[in-house]
Structure formats: C-alpha cells, structure tokens
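Shown next, in structure tokens, is the structure this report addresses.
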Amino acid sequence: MIKLILTTNDVLNIISNISEVIETNRQYLTDLDAAIGDADHGINLDRGFKAVKEKMPQFLDKDIGAILKNVGMVLVSTVGGASGPLYGTFFMRMGNVVSGKNTLDENDIVAMFEAGLSGIKERGKAQAGDKTMIDAMEPALNELKSTLSEGRGLKEAIEAAANDAYNGVLMTKDIAAKKGRASYLGERSIGHQDPGATSAYLMIKTVADYVDKLQQ
C-alpha cells in the first residue's frame, strides 16, 4: 500500500473546500442553532471562513503549520459566539503540532487531530456527552486511530472517521445539552441536533471527500 501524503497545496484546497461547504450549509446550521441556541452558528462560521478564503493568497508561501495557525487566528477574530474561539483554538493547536512541515502523513494527521480536540476540550471545558462539537470529533478521532492501527490506509481511515462523526451528530439528538446557550433548555434540548457537532462533521466529511478524490 502506498502511503498517502498531503502537501501544502492539498491543505489549502481542503480549507477552501471547507469554506464552500460551510457557505452551502450556512442556513442549515443556523436553523439547527435557532432551535437550541442563538440562531447564528451558520452565519458566524460562514463569515469566518469567508475571511479565511479572502486571506488565503497570503498563505501561499507558508508551511502547513503557519497556514493552520493563521486560519485559527482569522476564525478567532471574525467568528462570533463560542464557535470562533473553539474552532480557532482547534486550527491553531493543529498548526503548532506541524510547525515547519510542508507535507503530512497519517501520523501527523492523528497528532494534529489529537492536539486540536484537546484544545477544544480545554477551551470549552466540555467532554463527550455534553452535546457539543466534541460529540462528533471524539468518535471520529478514535475511529481514525483504530482504522490506521489495523493497517488500513488514510483514505479508508478518514472515511470511517467521517462516518463515526455523523453517528455522533445523530447521538446529540438523544441527550440534553450541558454547555452553552442550549444548556439553559435542559431536557427540552433533547430531540434537537447539535449545530456544533454538525459543523464539525461537515468539516471532517470535506477532508474525507478530498482524500477520496486524491486516490481515484
């Protein structure tokens, strides 16, 4: 099996694709948030990733670590609500792990995901089961590591991670929110899908789709 390596250009393409996916799902994410939050998750994320896309020409000569850190800083400064600091921290922590690198292998991707998720947990003081983006991200990371440990390739591992992220999104319908605005609803938040978990899934699925096309 040929090991898949992601380049700086691949990372830029993935970020651009995420921006487009968030724009496409802006209203969907906002509608999900309207049920249990401030009705602004899609609007805020779309504004942030539009700002990222506008600044991407400035990233062309940077290494992957610097690109991801810059993406994180843009998100922190442009995305309102809780999602800006959380996603900003996620990208900045990922960037720190791969500082100076111009290619990524499967070990880099696992390390990035671990660091990013750890940053979100620290920043948001949340864990799996709190009805947040962590409920999509943690199962995705666990499945990514499990699939790779079985000797299967990065394409299959990221696809499996995206599937588990989606299952995590569905699970958020069955639990009460313990963090953020949604937590004010208590048991009344049950039955509603978490918008943060949904946006996290969409990002992971975007990576999976890109990697799938790379190997076609």
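Laboratory data are not the source of any read-out in this text; all were calculated from the coordinates shown. Just so it is clear, the model here is predicted, and its values are computed rather than measured. Here Cβ is always computed from backbone atoms with ideal geometry, including for glycine, and neighbour counts include all displayed protein chains.
Its DSSP H runs of at least 4 residues, each contributing -39,500 (n - 2.57), put the calculated 222 nm mean residue ellipticity of the chain at -22500 deg cm²/dmol, to the nearest 500. Count Lys and Arg as plus one, Asp and Glu as minus one, and take only other residues whose Cβ is under 15 Å from that of VAL98; the net charge is then -2. Working from the Cα coordinates of the chain, the gyration tensor eigenvalues give, after taking √(5λ), semi-axes of 27, 20, 15 Å in decreasing order. Rounded, prolate or oblate for region 36-141? Axes are the square roots of the Cα gyration tensor eigenvalues, ordered a ≥ b ≥ c, and the cut-off for rounded is a/c under 1.5. Taking the square roots of the gyration eigenvalues as a ≥ b ≥ c, region 36-141 is oblate.
Taking the Cα centre of region 57-154 as reference, the dipole from Cβ charges on Lys and Arg (+1) and Asp and Glu (-1) amounts to some 320 debye. Each Lys and Arg adds +1 at its Cβ and each Asp and Glu adds -1 at its Cβ; summed about the Cα centre, the chain shows a dipole of about 500 debye. All other residues whose Cβ lies under 12 angstrom from that of ALA200 are scored, Lys and Arg at +1 and Asp and Glu at -1, for a net of -3. Going from the fewest other Cβ atoms within 10 Å to the most, the residues HIS192, HIS41 appear in the order HIS192, HIS41. Oblate is the label for region 84-145, because the ratio a/c of its alpha-carbon gyration tensor axes (a ≥ b ≥ c) is 1.5 or higher and a/b is not greater than b/c. Relative to the first principal axis of the alpha-carbon coordinates of the chain, what is the inclination of helix 26-36, with its axis defined by its Cα atoms, in degrees from 0 to 90 and to the nearest 10? The helix 26-36 is inclined about 40 degrees to the chain.
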